[in-house]
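Enquirer: Structure provided below as structure tokens; questions to follow.
The values are calculated or read from the model by the stated rules, or taken from the named source; none is laboratory data. Values in this document were obtained by computation on a predicted structure and should not be read as measured data. A quick note on method: Cβ atoms are made from the backbone with ideal geometry, for glycine too, and the neighbour counts reach across all protein chains shown.
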Amino acid sequence: MNAGFLAAARYDTVILEGCDGTGKSTFARQLAGEHGFTLVHSPPTPDTVSLVDRYTELLGKPGRLVLDRCFISELVYGPLHRGRSRITWPEALELVDSAVTRKGVLVHLTASPAVIRDRLLRRDGTAPPLSELEDLIAAYQTVFNSLSTYTEVITIRPEPDNRRSTG
């Protein structure tokens, strides 16, 4: 059993983040199945919906909760894809505080660009170029470095799939 998985399972709230293809959904399903977490997968939120309101409401629910992607991804994908984030850093820190208050932890799943690309190609048949994946990985690392000054961040780098990159 992965030490990061066991460490995350000790919390009541687990916020999983990282690039597509790093294993967030698999990790979330495993936590839900083995440790009784309620799993919430967060697909892209329409621009007309307040991210702060959405995640404040989710974090206000009782019980063990695992969020498979959430507000942190907006701090990464927003600036890279739209030139701006729909959530401010002070708002993000308030949401982190809400998660910590309910005995929560941030979990950063990451992998090499080649591993992520291979996983996405196998799963979806398509994947961004390696240069875009490198930018995403770097942006996530920057965001988590900043957040780690406020709360614990568990970083998990799944084992490579032992397959050659097609990228």
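Enquirer: Checking the conditions here, which among 112, 73 is more than 13 Å from residue 16 (Cβ to Cβ) and hydroxyl-bearing (Ser, Thr, Tyr)?
Expert: 112
For (1) in contact with a Leu (Cβ under 7 Å, 6 or more places away or on another chain); (2) at pLDDT below 95; (3) of a type outside the set (S, T, N, Q); (4) surrounded by 15 or more Cβ atoms within 10 Å (Cβ to Cβ), each residue gets a yes or a no:
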{"site": "124", "(1), (2), (3), (4)": "no, yes, yes, no"}
{"site": "147", "(1), (2), (3), (4)": "yes, no, yes, yes"}
{"site": "150", "(1), (2), (3), (4)": "yes, yes, yes, no"}
{"site": "161", "(1), (2), (3), (4)": "no, yes, yes, no"}
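Enquirer: Scan the range 59-67 and tell me whether some residue there is in contact with a strand residue (DSSP E or B) (Cβ under 6 Å, 6 or more places away or on another chain), among the β-branched types (Val, Ile, Thr), under 21 Å from residue 148 (Cβ atoms) and at pLDDT 95 or above.
Expert: Within the range 59-67, the subset in contact with a strand residue (DSSP E or B) (Cβ under 6 Å, 6 or more places away or on another chain) is 63, 65-67.
Checking the rest, the ones that are also among the β-branched types (Val, Ile, Thr) come to 66.
Now drop any that are not under 21 Å from residue 148 (Cβ atoms), which leaves 66.
Going one step further and asking which of them are at pLDDT 95 or above, we end up with 66.
Yes, because at least one residue in the range 59-67 is in contact with a strand residue (DSSP E or B) (Cβ under 6 Å, 6 or more places away or on another chain), among the β-branched types (Val, Ile, Thr), under 21 Å from residue 148 (Cβ atoms) and at pLDDT 95 or above.
Enquirer: Within the range 135-144, is even one residue exposed (fewer than 14 other Cβ atoms within 10 Å of the Cβ), acidic (Asp, Glu) and either within 28 Å of residue 65 (Cα to Cα) or at pLDDT 95 or above (or both)? Talk me through it step by step, then tell me what you get.
Expert: So the first thing to find is which residues in the range 135-144 are exposed (fewer than 14 other Cβ atoms within 10 Å of the Cβ), and the list is 138, 142.
Now drop any that are not acidic (Asp, Glu), which leaves none.
Among the residues of the range 135-144, not one is exposed (fewer than 14 other Cβ atoms within 10 Å of the Cβ), acidic (Asp, Glu) and either within 28 Å of residue 65 (Cα to Cα) or at pLDDT 95 or above (or both), which makes the answer no.
Enquirer: Moving to a separate point now. Contact list please: Cβ distance under 9 Å, first residue in the range 76-94 and closer than 19 Å to residue 109 by Cα, second residue loosely packed, with under 13 Cβ neighbours inside 10 Å and modelled with pLDDT of 95 or more, pairs at least six apart or on different chains.
Expert: Hits for this filter: 76/142.
Enquirer: Follow-up question, since we're still on this one. Could you say whether any residue in the range 129-151 is over 29 Å from residue 6 (Cβ atoms), assigned to a loop (DSSP other than H, G, I, E, B) and without any contact (Cβ under 8 Å) to a residue 40 or more places away in the chain?
Expert: Keep residues of the range 129-151 that are over 29 Å from residue 6 (Cβ atoms), which gives 129-132, 134-135.
Now restrict to residues that are assigned to a loop (DSSP other than H, G, I, E, B): 129.
Filter once more, so that each one left must be without any contact (Cβ under 8 Å) to a residue 40 or more places away in the chain: 129.
There is at least one residue in the range 129-151 that is over 29 Å from residue 6 (Cβ atoms), assigned to a loop (DSSP other than H, G, I, E, B) and without any contact (Cβ under 8 Å) to a residue 40 or more places away in the chain.
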